[in-house]
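One structure below.
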Amino acid sequence: MDRRFESHGLQSLPVTLSNSAHSILQRLSERESLLLAPYAMKSVDSRGRKHPEPEHAYRGPFQRDRDRIVHSAAFRRLSGKMQVFTGERGDYHRTRLTHTQEVASLARTLSRALRLNEDLVEALALLHDIGHPPFGHAGEDALDECLQPDGHFSHNQYALTIVEDLEERYPGFPGLNLSHEVLESQITRVDKTAPSHSPLLEAQVVDAADSTTYDAHDTDDAIKLELLTLDELSEMSLIREALAAVNSEFTNLDATQLRASVVHYLLNRQVSDILATSAKDLLRYDFQSSDEARDGELVVRPSKELQEQKEELESFLYERVYRHPELLKMRQRAQDRLQAMFLKYQTHPEWFPKKYQVRARQVGVRQMAIDYLAGMTDRFCDDQYVRMFGESSP
Ligand code: MG
């Protein structure tokens, strides 16, 4: 063994894929039994993949899922999809990709503190918004309307279409062939009103991290983009509390420092609350396995008090930011464009790329137009629209 490798502890790294399937799961099992709580989802207990594959030499199943998601084309396109604001408003604010990265980072923090499976949590976090169409919820509503009255579009459902059908990464099967637990968790996001069981705790972490993240960064972006002032936001109890805490710790902060400190407080306050609330419930329910947690109540969530503060802030952001006249104008424009393109593609299916033309024969031109439109970035969607209808179009 080369001494340079030994000094980095790499002497036991397997070098072939053929004889190590058992050993990676065995090693992971030993590692996870030391680090993870009884209620965490263990890699060794995964129900596997739809298309059986040999285990990887040195990556567990959920690490592989994470990597497959990161290397997918749909994941890369998140950089060109808006979160709340389009690129016309500069480069400060979050995109769908940076939002996703913030969610993944925060979800890992929650996961480690609760001794859950961080690899699974990271895969779920990176996946959670992969199905967003161009132009955020405006785009989602427009595509949904296109399919009415006999169809329906949701970004959570479309995420499953991407990872099960649309991605082309492997010769042996369509999609990414993700683990059962990743798909199961995404399915629980599709219809949250009628679950037969609770999502895995790892999926609950991602939901909590998503909401924590957007409450903090939408506040940050809205102030930075001057749609709101901190003064106006201080009507909200959570922001008032944040300002009091920041002002008791610091004096003479400039506007940027104050905004950043408030955002830090919002993140810390929410994460601390979620951890305290979840830890108390986990102790109370004493789940002895991930299956028991699936059969139990939702536990990874904010306290009732914080939930009320979050809802107050979210209602305010909804009225003052998401319904801001400028955003409403963008919303209308995006919806008009997507609906016009949806109709046009149906009369010109030859405009689809080749692989979509093949798929159109299986799922129909209408559904295919939706699948193609939903995959577009904001810019590509605008470019295609101009190609179809000309520069002078609205
Ligand atoms: Mg999200």
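Among the helices (runs of 4 or more DSSP H) lying completely within region 139-240, list those that include at least 1 residues that are within 17 Å of the chain's Cα centre (by Cα) and surrounded by fewer than 23 Cβ atoms within 10 Å (Cβ to Cβ).
It comes to 155-161, 180-190, 201-224.
Examine region 125-146 for a residue that is acidic (D, E) and free of Cβ contacts under 8 Å to residues at least 12 places away in the same chain, and state whether such a residue exists. Yes.
Please determine, by comparing only the residues of region 33-56 that are surrounded by 18 or more Cβ atoms within 10 Å (Cβ to Cβ), in a loop (DSSP other than H, G, I, E, B) and among the charged types (D, E, K, R), which one is modelled with the lowest pLDDT. Of everything passing the filter in region 33-56, E55 is modelled with the lowest pLDDT. Selection over region 293-308 of residues that are touching a helix residue (DSSP H, G or I) at 6+ places or on another chain (Cβ under 8 Å) and open to solvent by less than 90 Å² (accessible area, probe 1.4 Å) gives a count of 8.
Test E167 against the criterion of being within 30 Å of L36 (Cα to Cα) and touching a residue at least 60 places away in the same chain (Cβ under 8 Å), and give yes or no. For E167, the condition - within 30 Å of L36 (Cα to Cα) and touching a residue at least 60 places away in the same chain (Cβ under 8 Å) - is not met.
In region 50-66, is there at least one residue being of a type in the set (D, E), assigned by TED's automatic domain parsing to the domain that holds H128 and in contact with a helix residue (DSSP H, G or I) (Cβ under 6 Å, 6 or more places away or on another chain)? Yes - at least one qualifying residue is present in region 50-66.
For R361, indicate whether it is open to solvent by 60 Å² or more (accessible area, probe 1.4 Å), closer than 30 Å to A107 by Cα and out of contact with any Phe, Trp or Tyr (no Cβ under 6 Å at 6 or more places or on another chain).
Numbers: open to solvent by 60 Å² or more (accessible area, probe 1.4 Å): yes; closer than 30 Å to A107 by Cα: no; out of contact with any Phe, Trp or Tyr (no Cβ under 6 Å at 6 or more places or on another chain): yes.
So R361 fails the test.
Of the residues making up region 142-166, those that are touching a Leu at 6+ places or on another chain (Cβ under 8 Å) and small (G, A, S) are A142, A159. Meeting the requirement of 3 or more residues that are among the basic types (K, R) and farther than 27 Å from I223 by Cα, the helices (runs of 4 or more DSSP H) wholly within region 57-134 are 61-70. Entry remark, region 339-358: residues being open to solvent by less than 40 Å² (accessible area, probe 1.4 Å) and without any contact (Cβ under 8 Å) to a residue 60 or more places away in the chain number 5 in total. Residue count for region 65-100 under the criterion of being of a type in the set (K, R) and surrounded by fewer than 21 Cβ atoms within 10 Å (Cβ to Cβ): the result is 4.
The values are calculated or read from the model by the stated rules, or taken from the named source; none is laboratory data. Note that the structure is a prediction, hence the values are computed from the model and not measured. Don't worry about glycine lacking a Cβ; one is built from the backbone with ideal geometry, like all the others, and counts go over all protein chains shown. Ligands, DNA and RNA are excluded from the accessible area calculation, which covers all protein heavy atoms including side chains. Shrake-Rupley method; radii C 1.70, N 1.55, O 1.52, S 1.80 Å.
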